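The values are calculated or read from the model by the stated rules, or taken from the named source; none is laboratory data. Note that the structure is predicted; figures quoted are calculated from it, not measured. A quick note on method: Cβ atoms are made from the backbone with ideal geometry, for glycine too, and the neighbour counts reach across all protein chains shown. Ligands, DNA and RNA are excluded from the accessible area calculation, which covers all protein heavy atoms including side chains. Shrake-Rupley method; radii C 1.70, N 1.55, O 1.52, S 1.80 Å.
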Amino acid sequence: QITLKDRNRIALNQEALLTEVQNFKLADSSNAATIGILTLKLSEITNSSNPALDEMKATLKLMNIKLRNLDSYSTVNTETKTTINSFLRDSLIYDTIPVKYLSVATKWNDVSISVFPGFQDSISMRVITYDQMEQVLWKEPRGVRFWQRSFWRKRPVKQTIRFQNPDTKITYPFSVIVK
């Protein structure tokens, strides 16, 4: 027997799965994206064999967060492209850079350098950085001595963020819950 609440939740989940990511630029030329979210029950997550949910469970295990304390989970894949063009004023370019093209690719970075010694000693460098951010909002567990605290007190919500690229440094996470 499916309740009206479950039917509405399933309909919203189907709508979220069928919509595409909407990318747009803000007034300050920064990028933004909008996508619908899924609302799942704990039993649906534990019994699922979806690769995205399996990755979520592995991340929670890595962060030592129990699935029953999970409030929300989100991931964002990012790609940063930068191209730098410059002129070299050093006459030693022929001695110090004997190659005209250099390309280095790793799982997280793709760097290519092109040197044009005949064209006013110019250099062009392209850097692409890939990353994936995972954000988990979870409730603090009550613990063994929950009777020492007020039982009716709401458990505080914590935020844990992980970037898979080891070169990325988290400077300041910020989260707001509106009720």
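Which value, in Å² rounded to 10, gives the accessible area of residue 20 with a 1.4 Å probe and all protein chains present?
Looks like 150 Å² after rounding.
For residue 39, tell me the accessible area in Å² from a 1.4 Å probe, rounded to the nearest 10.
Roughly 70 Å² of residue 39 is accessible to a 1.4 Å probe.
Starting at the first residue of the stretch 76-85, write each ³J(HN,Hα) from the Karplus equation 6.51 cos²θ - 1.76 cosθ + 1.60 with θ = phi - 60°, in whole Hz, x for Gly and Pro.
Per-residue couplings from phi come out as 9, 8, 10, 9, 10, 10, 9, 10, 10, 10 Hz.
Using a Förster distance of 45 angstrom, determine the FRET efficiency expected from the C-beta separation of residue 12 and residue 85, and round it to 0.05.
Working: r = 47 Å, r/R0 = 1.05.
Between residue 12 and residue 85 the formula returns 0.40.
Can you give the percent of C-alpha pairs in the stretch 25-76 whose distance is more than 12 Å? It would help to have the intermediate numbers written out before the result.
Details: 954 of 1326 pairs.
Counting every Cα pair in the stretch 25-76, those more than 12 Å apart make up 72 percent.
Subtract the Cα-Cα distance of residue 26 and residue 100 from 0.36 nm times their separation in residues, and report this length gain in nm to one decimal.
Values: separation 74, 0.36 × 74 = 26.64 nm, distance 3.84 nm.
Using 0.36 nm per residue and subtracting the Cα-Cα distance, I get 22.8 nm.
At residue 66 and residue 114, where each label point lies 7 Å from the Cα along Cα→Cβ, what is the point-to-point distance in nanometres?
Label-label distance for residue 66 and residue 114, simple model: 5.7 nm.
Let me know the charge dipole size of the stretch 1-67 about its Cα centre in debye, to the nearest 20, where only the beta-carbon of Lys, Arg (+1) and Asp, Glu (-1) is charged. Walk me through the numbers on the way to the answer.
Values: 8 positive and 7 negative charges, 62 e Å.
Here the size comes out at about 300 debye.
Mind scanning 61/107; 25/169; 100/169; 66/107; 5/158; 57/139 and naming the pairs with a C-alpha gap bigger than 21 Å?
On the way: 61/107 23 Å; 25/169 25 Å; 100/169 33 Å; 66/107 29 Å; 5/158 28 Å; 57/139 16 Å.
Beyond 21 Å: 61/107; 25/169; 100/169; 66/107; 5/158.
From the phi of every residue in the stretch 56-70, what ³J(HN,Hα) in whole Hz does the Karplus formula 6.51 cos²θ - 1.76 cosθ + 1.60 yield, where θ is phi - 60° and glycine or proline is x?
Per residue, the Karplus-derived 3J(HN,Hα) values read 4, 5, 5, 5, 4, 5, 5, 7, 6, 10, 6, 4, 5, 8, 5 Hz.
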